[in-house]
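Written below as structure tokens is the structure these notes are about.
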Amino acid sequence: MKDSYDLIIIGSGPGGYVAAIKAAKLGKRIAIIEKREIGGTCLNRGCIPTKTLMHSTHFISEAKRMEQAGISFTDLNLDYDKLMERKDDVVAKIRNGIEGLFKANGITVYHGSATIRSQNTVRVASQNEETSQDDVIDLEAKNILIATGSVPVVPSIEGSHLENVITSDDLLDGEGRLYKKLLIIGGGVIGIEMATIYKELGCEVEIIEAMDRILSTMDKEISQSISMGLKRKGIAIHTGAKVVKISEGGSFGLICEYIEKDNLKTSQAEAVLLSVGRRSNTEGLFGQDMAIEMDGVSIKVNENFETSIPGIYAIGDVIRGKQLAHAASAQGIVAVERICGHSPSIDLDVIPSCIYTMPEVATVGIDEAEAKALGYEVKIGKYPMLGNSKTLLSMGERGFVKLICDAESGLLLGAQLLCDRATDLVGELALAISKKLTYKDLGSIIRPHPTYEEAITEAAEDISGMAIHIMPRRSL
């Protein structure tokens, strides 16, 4: 007799584990299947280890700036092994917390590879260490939720499978290596965050990006500001460049050939990081008789996250959309609510995006170019952070808070932040967009002083030319 559940969830990342706990709280009997570590890519090889390393390496920059605040010391040492050990400790604590939540909510965990064999049946195969054979168990459920996430894209570049040509999973899984020179192919969020980490660790870093600018999907002003900041730190950036070959050789061990402005150029590195994106993780997921409809390389779903097979749902990176941990968690909650017959409790139309550089980047809604393309007449409010008291006393860097609103109604359409704690500030602006607040609503709130969030007040008031801490615009 097969073990039977109300819902089987495949994958324990931020989409899967959140969905499992939500469903359990709604009274459902839940099984979750994970072939690797609990927490998925985000916890073990993505968001958490990356941000832990970024937090640690930011101390290096802060230490170098302490002298400006009247604090000096004679020596600064980097213990790379201890730094990586702390990363692993943070990951382990969070993983243990999730496992504790599973136990407390009565969720059954199966470790192994999952294959969906029918509309209601999933086979779990796990290797028996004693026999080296697969132990197989079949589970059945009223509904199945796929939350298997994504894997790094390995581009079809000659030499992409050479030793020390790596992905972000390789870089973050386990202890990693401290390379003397790291060449990064791809100037998206992952590439930029890795560049920041390794530059702070004293590595020589170079970025090759095919588009005409790094962070090409973000507000152009943010892209340009981050690019200038990275270059000031000594990171070389090549845009509009196409990599054609990676080969062994040179003084560092690897040679990368690329075309930039119609010229063939070369760069050498000890390691090459492939950071050109991620794709849906569906390999081995479906049995021979399971013909599920796809949307390119992603699983196709409807507005309820249900696939072409009734009763089978999918969320997160495995479907088309923003590949963000918090998006997957929100989708998991909404999918479970739909399965249980409830109305969605989350607004899935408003999803913030964050980059944990120094200063941080956070965006939500649409930017000026997107708003104009959609036919809006826009008004913009912008406040430079070097006029913000908290930024100055904290020795923060140049940045801004920019708000985009509909000129006619005053409704907030989007926000772009480049400042310290931007990732903590953006939630307020996401709420404002979701609840259809105007820039006047934003400006009506008293914000404490001195704080970074005072910049939101100033940016909101700047839309009507009434910001207190901005020099008056010159009349033409």
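Figures for the structure shown
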{"item": "Phi-based couplings in Hz for segment 199-210 (Karplus 6.51, -1.76, 1.60; Gly and Pro marked x)", "result": "5, 5, 7, x, 7, 7, 10, 9, 10, 10, 10, 6"}
{"item": "In nm, spacing of pseudo-spin labels at ARG473 and ASP349 (7 Å Cα→C-beta vector)", "result": "2.8 nm"}
{"item": "Positive dipole terminus of segment 338-476, leading residue within ILE433, LEU413, SER394 (C-beta point charges)", "result": "SER394"}
{"item": "Zone residues, segment 311-345, relative to LEU26, backbone N less than 17 Å from point 7 Å out along Cα-to-Cβ", "result": "311-316, 328-345"}
{"item": "Distance between modelled label sites at CYS340 and ASP89, nm, 7 Å Cα→Cβ extension", "result": "3.7 nm"}
{"item": "Shape category assigned to segment 353-462 from the gyration tensor of Cα positions, a/c cut at 1.5", "result": "prolate"}
{"item": "Other-chain or far-sequence residues with amide H under 5 Å of ALA271's (modelled H)", "result": "LYS181, LEU183"}
{"item": "DSSP beta bridge pairing in segment 165-276, given as percent antiparallel to the nearest 5", "result": "50 percent"}
{"item": "Gain upon complete extension [SER464, ASP441; 0.36 nm per residue less C-alpha separation]", "result": "7.0 nm"}
{"item": "Structure-derived volume of the Cα convex hull per residue in Å³: which label, when the choices are [x] 269; [y] 196; [z] 139", "result": "[y]"}
{"item": "Karplus-derived 3J(HN,Hα), 6.51/-1.76/1.60, for each residue of segment 422-429, Hz, glycine and proline x", "result": "4, 5, 8, 7, 5, x, 4, 6"}
{"item": "Unsatisfied cross-links (Cα-Cα over 29 Å) in the set LYS242/LYS382; LYS64/LYS87; LYS233/LYS265; LYS231/LYS265", "result": "LYS242/LYS382"}
{"item": "Share antiparallel - DSSP beta bridges, the chain, percent rounded to 5", "result": "60 percent"}
{"item": "Hits among aspartates and glutamates - C-alpha to C-alpha of LYS435 under 16 Å, sequence gap 8 or more where chains match", "result": "ASP347, ASP349, ASP406"}
{"item": "In sequence order, calculated HN-Hα J values of segment 363-371 (Karplus, 6.51, -1.76, 1.60; Hz; x Gly/Pro)", "result": "9, 8, x, 10, 8, 4, 5, 5, 4"}
{"item": "Tensor-based shape of segment 206-283 (alpha-carbon gyration tensor, a/c under 1.5 rounded, otherwise prolate or oblate)", "result": "oblate"}
{"item": "LEU76-LEU393 FRET efficiency (beta carbon distance; Förster radius 35 Å; 0.05 resolution)", "result": "0.90"}
{"item": "Cut-off 11 Å (backbone N to label point 7 Å along Cα→Cβ of ASP424), residues of segment 442-456", "result": "451-453"}
{"item": "Spin-label model distance (nm) - LYS180 vs THR108, 7 Å beyond Cα toward Cβ", "result": "5.5 nm"}
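Where a number appears in this text, it was derived from the coordinates with a stated rule and is not lab data. Computed from a prediction, not measured in an experiment: that's the story for all the values here. Cβ atoms come from the backbone with ideal geometry, glycine included; neighbour counts cover every protein chain shown.
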